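Just below is one structure, and these are the notes that go with it.
The values are calculated or read from the model by the stated rules, or taken from the named source; none is laboratory data. Treat the numbers as computed from the prediction; the structure is a model and nothing was measured. All Cβ positions, glycine included, derive from the backbone under ideal geometry; neighbour counts span all protein chains shown. Remember, those area values only see protein heavy atoms, side chains included, never the ligands or the DNA or RNA. Shrake-Rupley method; radii C 1.70, N 1.55, O 1.52, S 1.80 Å.
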Amino acid sequence: MKTGTAILDVDDLHTYFRTEHGVIPSVNGVSFEVREGETLAIVGESGSGKSVTSLSIMGLIDSPGKVEKGNILFEGKNLTTLGKKDYRKLRGNEIAMIFQEPLSSLNPLFTIGNQLSESIKLHQKVDKKTARVKSIEMLRHVGIPRAEKVFSSFPHVLSGGMRQRVMIAMALSCNPKLLIADEPTTALDVTIQAQILELMKKLAKENSTAILLITHDLGVVAEMADKVVVMYAGQVVEHTDVYTLFSNPKHPYTKGLLNSTPKFHETEEVLASITGTVPTPSKMPKGCKFNPRCPFATEVCTTQEPVLREVADGHKVRCWLYEEKEDAI
Amino acid sequence: MIKFLLKRVLEFIPVLLIISFIVFSLVFVAGNPVALMLPEDASQEDIERLTVALGLDQPFIVQYGKYMLDLVQGDFGKSFRYNTDALPLVLERLPATLELAAASMIIAIIIAIPLGVWSATRKNSSLDLLATGGAVIGKAMPNFWLGIMLILLFSVTLGWFPVSGRGTIAHLILPAITLGTGVAAEMTRLIRSSMVEILSQDYVRTAKSKGLRNFFVVYKHAFRNSLIPVVTITALQTSTLVGGALITETVFSWPGLGQLLIQAVNTRDMAIVQASVFTIAILVIFMNLLADVVYRILDPRIKYS
Ligand SMILES: Nc1ncnc2c1ncn2[C@@H]1O[C@H](COP(=O)(O)OP(=O)(O)OP(=O)(O)O)[C@@H](O)[C@H]1O
Ligand SMILES: [Mg+2]
């Protein structure tokens, strides 16, 4: 396991959306840290709050959403109280982000070069010519052939994989310390997926960039991550390193996720797959939020909410099954 | 681009043919103008003689054929009232109308862009509601009413601007505001709804994630995209602008095409009516062509084909 100082420390983050239909607690007490050069994966089903967590870190939660509570420390600076101007200096510079949809994430009306050199000019304070040289260099670096031509092309002439490479080039152009990748390969073909992941891994290693990787693909987790956070209904239900996650998962939800991935069907307890769906914010169950879908749910699970507890060194679980064991000891 | 333009211009020919047919038919249906051309005490014989002299006793098809023959030579016939060729009379009035239209368009743009963008970025705030409500009122106000109110307040009561006529910038201001208000209101509404949609696009989020200032995110990345539908719809509304110009010119005695046309209709000066309608039709077509060109310049995804 890698060590190093934490560059990102998310502590008890609460991000709520106040809509006409009431308050939606999309992120409800999430904590984790990302260390220098490390890759932390956040996994969870659709709607579990992964994107909202990453946008909260970027400071891009728009009204009616708001970070209600908790701290986000980046290199010791508290982002939740950071001024707008200082936040802008971080964004795209020290913390960069890649999004899920390469097809719609680039502005159709501006050339690749325009969009790529934009952040270089902004953060590195260089002139147009230097920015152009750097941009083309960056495009080559992410494996784009005929970089000069691509520089003056519009996004619509590029394939999805190429556009995601452009997004990576854009994100890494200012050597960020943290790269947030929100399902960077979900929209791509399987073969392209592997290439893009490989590229991210290689470039992150070169610059010892830490990655916060959001995905619901456990194959991607196994490939990329050092540590894993499993999210369910806006909360962290399990937090451990990648080896432990696959060899000794604790939370019934994690086990269910692993079992629904074909590669791991020989794990001990048999949970064919998780039945039911993620609860909607208006129909949040009492007690443990996973209890209606959990085969091990007991009385206590339906009344009281478990806390995230460290069950082994660096392995945290939010589940009554493990609370009881501790109590028994 | 040149090929595309040529193609579009060729497409106009059938459109113009149809317009000429409609205009001619309407005039034909409107009845014999001879009675209005002669003094009141003219005898029935005089009327008939003039009717025959003007070829107005011929069947529809013959009259239309003759009319078309003249038309391709740019001859719309003589104005009964001015006793000169109609087309030069119309073209002489054109600059005044274009001046008014351009001024009101500038006013509309100056108001609509900041207001539309600004209410989109503050969607559902009280300021947004105020702007949206204002746009509804602006659109609902009839041109003649607004014109008269402006004259009463600024010309009659305050004496800041002349009541009517054309000449100085001061003459232009009130009519341009009158004509521009409705356009501004419609444009504000369009820009707002277009911007609201664009602001939620992924590439806007990308722009924010780069650390760009909000101003650049809004005006560089979002606004240009939002203009694409705005340009198209605004061009389609040129005809509304023309309709407004007819009334505004009459209210302010603005010596433009609209004023000439309305007078011609009242006196059944059909040569002028035909020449004016034709000129207006060409203007509208030209505006649509212009919009098409702008649209293509704005959006690199569109190929010329
Ligand atoms: N702008 C918003 N307004 C209201 N609710 C929102 C908004 N954005 C997100 N949410 C809610 O927050 C919850 C979490 O959404 P989020 O996008 O973080 O899920 P996710 O884990 O990223 O899912 P996916 O895998 O589909 O990307 C969802 O229930 C969603 O409805
Ligand atoms: Mg998401």
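Candidates A:S117, A:S152: the one that is over 19 Å from the mean Cα position of the chain (by Cα), away from ligand 2 (no atom under 16 Å from the Cβ), open to solvent by 40 Å² or more (accessible area, probe 1.4 Å) and not aromatic (F, W, Y) is A:S152.
Among the conditions (1) in contact (Cβ under 8 Å) with a residue 12 or more places away in the chain; (2) open to solvent by 60 Å² or more (accessible area, probe 1.4 Å); (3) out of contact with any helix residue (DSSP H, G or I) (no Cβ under 7 Å at 6 or more places or on another chain); (4) assigned to a helix (DSSP H, G or I), B:A96 misses just one, which is (2).
You will find that of A:T215, A:T185, the residue that is within 20 Å of A:G37 (Cα to Cα) and of a type outside the set (A, V, I, L, M) is A:T215 and no other. Candidates are the residues of segment A:43-61 that are part of a loop (DSSP other than H, G, I, E, B) and more than 6 Å from ligand 1 (Cβ to nearest atom); the one that is farthest from the other protein chains (Cβ to nearest Cβ) is A:E45. Go through B:I110, B:I137 for me and flag whichever is over 22 Å from B:F215 (Cβ atoms) and either not charged (D, E, K, R) or not in a helix (DSSP H, G or I) (or both). Unique residue meeting the criteria: B:I137.
For segment A:5-26, the condition holds for at least one residue, the condition being that it is within 14 Å of chain B (Cβ to nearest Cβ), more than 8 Å from ligand 1 (Cβ to nearest atom), in contact (Cβ under 8 Å) with a residue 12 or more places away in the chain and part of a strand (DSSP E or B). If you go through segment A:261-280 one residue at a time, do you hit one that is within 16 Å of ligand 1 (Cβ to nearest atom) and at pLDDT 85 or above? Checked against the condition, which is being within 16 Å of ligand 1 (Cβ to nearest atom) and at pLDDT 85 or above, segment A:261-280 yields no hits at all. Taking the criterion of being within 30 Å of A:P285 (Cβ to Cβ), in contact (Cβ under 8 Å) with a residue 40 or more places away in the chain and within 16 Å of ligand 2 (Cβ to nearest atom), would at least one residue in segment A:88-97 satisfy it? The answer is no, given that none of the residues of segment A:88-97 is within 30 Å of A:P285 (Cβ to Cβ), in contact (Cβ under 8 Å) with a residue 40 or more places away in the chain and within 16 Å of ligand 2 (Cβ to nearest atom). Only one of the numbered conditions (1) open to solvent by less than 40 Å² (accessible area, probe 1.4 Å); (2) outside any helix (DSSP H, G or I) is not met by B:G159, and that is (1). Against the numbered list (1) at the interface with chain B (Cβ under 8 Å from one of its Cβ atoms); (2) over 24 Å from A:S208 (Cβ atoms), A:A96 comes up short only at (2).
Yes or no: A:T15 at pLDDT 90 or above, within 20 Å of A:V221 (Cβ to Cβ) and within 16 Å of ligand 2 (Cβ to nearest atom)?
Considered against the rule, which asks whether it is at pLDDT 90 or above, within 20 Å of A:V221 (Cβ to Cβ) and within 16 Å of ligand 2 (Cβ to nearest atom), A:T15 comes out as no.
If the condition is being more than 8 Å from chain B (Cβ to nearest Cβ) and open to solvent by 60 Å² or more (accessible area, probe 1.4 Å), then segment A:74-93 contributes A:E75, A:G76, A:K77, A:T81, A:K84, A:K85, A:D86.
For B:D75, the conditions (1) assigned to a loop (DSSP other than H, G, I, E, B); (2) free of Cβ contacts under 8 Å to residues at least 60 places away in the same chain; (3) surrounded by 11 or more Cβ atoms within 10 Å (Cβ to Cβ); (4) over 26 Å from the mean Cα position of the chain (by Cα) all hold with the exception of (4).
Residue count for segment B:235-261 under the criterion of being within 23 Å of B:A140 (Cβ to Cβ) and open to solvent by 50 Å² or more (accessible area, probe 1.4 Å): the result is 6.
Every listed requirement among (1) open to solvent by less than 10 Å² (accessible area, probe 1.4 Å); (2) at the interface with another protein chain (Cβ under 10 Å from one of its Cβ atoms); (3) in contact (Cβ under 8 Å) with a residue 40 or more places away in the chain; (4) not small (G, A, S) is met by B:L227 save one, (1).
Of the residues making up segment A:155-168, just one is touching a Lys or Arg at 6+ places or on another chain (Cβ under 7 Å) and surrounded by fewer than 18 Cβ atoms within 10 Å (Cβ to Cβ), namely A:H156. Listed by first and then second residue, the pairs with beta-carbon distance under 9 Å, at least 6 apart or on different chains, first residue in segment B:109-123 and basic (K, R), second open to solvent by 60 Å² or more (accessible area, probe 1.4 Å), are B:K123/A:S63. Taking the listed residues A:V34, A:V43, A:V30, A:V23, the one that is open to solvent by 40 Å² or more (accessible area, probe 1.4 Å), in the same structural domain as A:T185 (by TED's automatic domain parsing) and not basic (K, R) is A:V23, with no other qualifying. Annotation: of all residues in segment A:184-200 being surrounded by 22 or more Cβ atoms within 10 Å (Cβ to Cβ) and not aliphatic (A, V, I, L, M), the one that is farthest from ligand 2 (Cβ to nearest atom) is A:T185.
On the basis of being within 16 Å of ligand 2 (Cβ to nearest atom) and open to solvent by less than 20 Å² (accessible area, probe 1.4 Å), does A:A181 make the cut? Walk me through how you get there before you give the answer.
Numbers: within 16 Å of ligand 2 (Cβ to nearest atom): yes; open to solvent by less than 20 Å² (accessible area, probe 1.4 Å): yes.
The answer is yes for A:A181.
Going residue by residue through segment A:120-134, is there one that turns out to be assigned to a helix (DSSP H, G or I), open to solvent by less than 20 Å² (accessible area, probe 1.4 Å) and away from chain B (no Cβ under 12 Å)? Yes, because at least one residue in segment A:120-134 is assigned to a helix (DSSP H, G or I), open to solvent by less than 20 Å² (accessible area, probe 1.4 Å) and away from chain B (no Cβ under 12 Å).
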